[in-house]
Amino acid sequence: LPSRHVTARVAPLGSRLVLVLVEDRTRERRVESVRRDFVANVSHELKTPVGAIRLLAEAVSDAAEDPEAVKRFAGRMLTESDRLSRLVQQVIELSRLQGDEPLETPLAVDLDEVIRVAVDTSAIDAEAKRISIVTGGTHGLQLLGNPEQVTAAVANLVANAVSYSDCDSTVLVTSKAEEDTVEISVVDQGIGIPEREIDRIFERFYRVDPARHRSTGGTGLGLSIVKHVAATHGGDVRVWSAEGQGSTFTLVLPGNTDTSRAEARTEDPD
Ligand code: ADP
């Protein structure tokens with residue numbers, strides 16, 4: 001181990017014996033450095049919308065005589081403040097999850113409900129792009145975990161599928177059970193992700209093409225949240241993607257099927 005990752009204490013135990021206590025602090029140092037980077041990144045990311053809102057506020061007061069310009073600037077202020085509040089909300093979510101500690105008191109999570117709420121969260125954005133969100137798979141699947149976290153993870157996947165798809169396309173959200181896991185897949189026909197980028201998209205604040213994606217109002221934190229939710233549940237997130245063809249994200253979580261309730265879900269648009 002590098003010496004900076006180790007602390008040692010020496011205690012004499014009599015005239016010929018010495019007790020040496022060596023402590024491996026690698027994990028603590030790693031956690032500290034992750035936390036420092038996170039704070040630095042958050043501060044940097046917060047500066048952009050805050051700076052934009054300030055400039056726009058100045059522009060509004062300068063343009064008091066021109067109602068059209070005031071309207072335009074006010075619209076952009078709204079967009080930036082929405083982005084700011086999404087960012088703050090995701091930072092809070094992520095900082096709660098970052099320890100990847102297993103859940104203390106897992107609750108029953110009803111996947112039908114998770115999918116319903118997650119799809120609902122993106123309904124307005126999907127409608128604006130005439131994207132139909134279709135759900136399918138197996139009804140009545142359950143797992144033990146944190147319902148809010150699982151819903152947030154699936155909602156992030158659905159929101160991404162809508163953001164990175166063209167108008168008039170379809171997003172499919174399905175659930176199924178394997179032997180001792182449940183899987184939720186979100187399939188889109190969107191822009192896809194270049195192969196060389198796939199390993200990086202789960203990093204905090206990483207965006208494949210920040211300039212192009214700015215209009216989606218994303219924060220670069222969504223997939224990081226999904227990854228941490230998977231980790232705290234002892235699960236995994238898988239991705240398949242091809243540029244120009246679309247992407248499939250699958251959240252795999254340990255779970256069981258309530259077979260008495262499980263039944264084939266009929267495809268139901270919306
Ligand atoms: P963002 O807020 O930017 O969407 P995420 O962490 O959710 O942040 O995603 C990171 C990056 O991964 C996105 O900026 C985008 O480049 C890429 N990405 C995520 N989901 C998809 C998808 N379904 N289709 C294409 N690219 C995606």
Looking at (1) closer than 23 Å to Ile225 by Cα; (2) open to solvent by 30 Å² or more (accessible area, probe 1.4 Å), can you tell me which one His139 breaks?
(1)
Scan of segment 165-185 for residues that are surrounded by fewer than 20 Cβ atoms within 10 Å (Cβ to Cβ) and not in a strand (DSSP E or B), ordered by number
Asp166, Cys167, Asp168, Ser169, Glu178, Glu179, Asp180
List every residue pair whose Cβ atoms sit under 9 Å apart, with the two residues 6 or more apart in sequence or on different chains, where the first one lies in segment 111-126 and is open to solvent by 30 Å² or more (accessible area, probe 1.4 Å) and the second, anywhere, is assigned to a helix (DSSP H, G or I) and of a type in the set (Gly, Ala, Ser).
Val117/Ala155; Asp120/Ala155; Thr121/Ala155; Thr121/Ala159; Asp125/Ala159; Asp125/Ser163
Scanning segment 11-45 residue by residue, those open to solvent by less than 80 Å² (accessible area, probe 1.4 Å), in a helix (DSSP H, G or I) and touching a helix residue (DSSP H, G or I) at 6+ places or on another chain (Cβ under 7 Å) turn out to be Thr26, Val42, Glu45
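The values are calculated or read from the model by the stated rules, or taken from the named source; none is laboratory data. Values in this document were obtained by computation on a predicted structure and should not be read as measured data. Cβ: placed from backbone, ideal geometry, glycine included. Neighbour counts: every protein chain shown. Just the protein is used for accessible areas: all its heavy atoms, side chains included, with ligands, DNA and RNA removed. Shrake-Rupley method; radii C 1.70, N 1.55, O 1.52, S 1.80 Å.
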